[in-house]
């Protein structure tokens, strides 16, 4: 039984207890028609509980016989009250003192005691013999960011008391005027071991998952892309009791006492996903302190307790994924193999070349020149070194929207690289493959650097101001 359904059943049991109190009071006041009507309502409620248990637990559920007995006795009480009312109107009392449902306070008390005892037996049977299952929903949007949720999904999927659903959601490029452009759906790009449910087949309103995990925090305030608005954090809160936001990125660790660095964290922290989530899971305890400090500075010291409860420094699933992927587990495309190995079968050195959105926007034409220089060097040394180029997955959407002219230049570099065929262009969702496969990192500062540090392999940051001959 879903936790949502279990809670509904237990709420119904609580209402039955209240109804028993009212039935007793009505009988003592000799308002037998109202008491009989309320008993009929109790019977209907018990039947509804039994129907739900039969649907979720099967006909052999041990609670059902207790509910049947309860309903049978309710019926007898109801009939007794109805007959008594009719005979009393004719001057007779068919429930003499000490009878099964007499009209005095003693008889009402006996009825009340029986009802409460039966309801306690029903409640105990539900608590001890009805298994509660939680439905946990994961809503990634870009397949390349799935690693920010995967280890949590694996834990949920392994829990026998949990039903975990992965429902990739569509997202849109934004046009220059902010309107929605092309819709993208990447449900086919997830690892084969991840069972994907189509977003059109999962009804949030009907299913009301117990927990929802997201990694997109921006809602309508992302001016480059936007997930389908149904899945904005502010809307998801209506359909779950626990909305959890986990950032899709890993940041440089900074000291919570470094005021200047903490100030630069504001655009990561003051976002709708943080505001609307019930829990926010960040990469470390220091990062938790930074989030809390920024939020307190923004909203006032009186809000500190709220953020301290909400923000949890439990670590990043991205780091879990990077640390668990092994080279022997990698699926290497055949086209890559030809670039990775020399004619004699020995393996070349592999350099992971990464470009970030922010660096491209910051250096503009200089970065275009830098990239051309980098490719020229690696093309010259292609016999001994393989370049694995993996740009940030949002470069196209961002640059084409914000700098159309720059995008045309960037696209030409990309197309020339692909046509030449001497290097690897990796635009797949599997970031960890590039990290594990490569021998060193070269490129822009980004969250990828934080993951790469875990490997202990060399990291080199490119300088757009320095261009080779």
Exercise for the section: May I ask you to list the residues in segment 324-351 that are part of a loop (DSSP other than H, G, I, E, B) and out of contact with any strand residue (DSSP E or B) (no Cβ under 6 Å at 6 or more places or on another chain)? Expected result: 325, 326, 330, 331, 332, 333, 342, 343, 344, 345, 346
Handout entry: Flag if residue 411 is in the same structural domain as residue 439 (by TED's automatic domain parsing), touching a strand residue (DSSP E or B) at 6+ places or on another chain (Cβ under 7 Å) and surrounded by fewer than 19 Cβ atoms within 10 Å (Cβ to Cβ)
Key = no
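Answer yes or no: is there a residue in segment 353-361 that is surrounded by 14 or more Cβ atoms within 10 Å (Cβ to Cβ), part of a strand (DSSP E or B) and at pLDDT 95 or above. Working first, answer last.
Kept after step one, since they are surrounded by 14 or more Cβ atoms within 10 Å (Cβ to Cβ), are these residues of segment 353-361: 353-357, 359-361.
Restricting the remaining residues to those that are part of a strand (DSSP E or B) gives 353-354.
After this cut, where a residue has to be at pLDDT 95 or above as well, the list is 353-354.
The answer is yes, given that some residue of segment 353-361 is surrounded by 14 or more Cβ atoms within 10 Å (Cβ to Cβ), part of a strand (DSSP E or B) and at pLDDT 95 or above.
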Practice task
Could you run through segment 177-205 and say how many residues are in contact with a strand residue (DSSP E or B) (Cβ under 6 Å, 6 or more places away or on another chain) and within 16 Å of residue 163 (Cα to Cα)?
Solution key: 3
Exercise for the section: Would you check if there is a residue in segment 123-145 being within 14 Å of the chain's Cα centre (by Cα) and surrounded by fewer than 19 Cβ atoms within 10 Å (Cβ to Cβ)? Expected result: yes
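Which residue out of 175, 207 is surrounded by 15 or more Cβ atoms within 10 Å (Cβ to Cβ), modelled with pLDDT under 95 and either more than 18 Å from residue 144 (Cα to Cα) or within 12 Å of the chain's Cα centre (by Cα) (or both)? It would help to see each step written out before you state the result.
Working: 175 fails: surrounded by 15 or more Cβ atoms within 10 Å (Cβ to Cβ).
Result: 207 is the single residue among 175, 207 that is surrounded by 15 or more Cβ atoms within 10 Å (Cβ to Cβ), modelled with pLDDT under 95 and either more than 18 Å from residue 144 (Cα to Cα) or within 12 Å of the chain's Cα centre (by Cα) (or both).
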Exercise for the section: Kindly check whether there is at least one residue in segment 139-150 that is under 26 Å from residue 391 (Cβ atoms), part of a strand (DSSP E or B) and touching a strand residue (DSSP E or B) at 6+ places or on another chain (Cβ under 8 Å). Expected result: yes
Completion exercise
Over segment 264-277, the set of residues part of a loop (DSSP other than H, G, I, E, B) and either touching a strand residue (DSSP E or B) at 6+ places or on another chain (Cβ under 8 Å) or farther than 21 Å from residue 169 by Cα (or both) is 264, 265, 270, 277
Problem - Checklist (1) modelled with pLDDT of 95 or more; (2) more than 24 Å from the chain's Cα centre (by Cα); (3) buried (at least 18 other Cβ atoms within 10 Å of the Cβ) applied to residue 348, failing item - result: (3)
Exercise for the section: Could you run through segment 206-218 and say how many residues are touching a strand residue (DSSP E or B) at 6+ places or on another chain (Cβ under 7 Å), over 27 Å from residue 403 (Cβ atoms) and outside any helix (DSSP H, G or I)? Expected result: 6
Exercise for the section: Scan 51, 56, 120, 60 and give me the residue that is farther than 17 Å from residue 16 by Cα, in a helix (DSSP H, G or I) and modelled with pLDDT of 80 or more. Expected result: 56
Exercise for the section: May I ask you to list the residues in segment 369-400 that are modelled with pLDDT of 95 or more, assigned to a helix (DSSP H, G or I) and closer than 27 Å to residue 142 by Cα? Expected result: 371
Handout entry: Of residues in segment 15-35 being under 29 Å from residue 61 (Cα atoms) and in contact with a helix residue (DSSP H, G or I) (Cβ under 9 Å, 6 or more places away or on another chain), the one surrounded by the most Cβ atoms within 10 Å (Cβ to Cβ)
Key = 23
Problem - Residue in segment 219-251 that is nearest to residue 271 (Cα to Cα), counting only those that are assigned to a loop (DSSP other than H, G, I, E, B) and at pLDDT below 95 - result: 222
Exercise for the section: Restrict the check to segment 313-323 and report whether at least one residue is outside any loop (DSSP other than H, G, I, E, B), closer than 19 Å to residue 213 by Cβ and out of contact with any helix residue (DSSP H, G or I) (no Cβ under 8 Å at 6 or more places or on another chain). Expected result: no
Handout entry: Residue match in segment 252-263 (condition: in contact with a strand residue (DSSP E or B) (Cβ under 8 Å, 6 or more places away or on another chain), outside any loop (DSSP other than H, G, I, E, B) and buried (at least 17 other Cβ atoms within 10 Å of the Cβ))
Key = no
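The values are calculated or read from the model by the stated rules, or taken from the named source; none is laboratory data. Just so it is clear, the structure is predicted and the values come from calculations on it, not from any experiment. Counting neighbours? That spans all protein chains shown, and the Cβs are built from the backbone with ideal geometry, glycine included.
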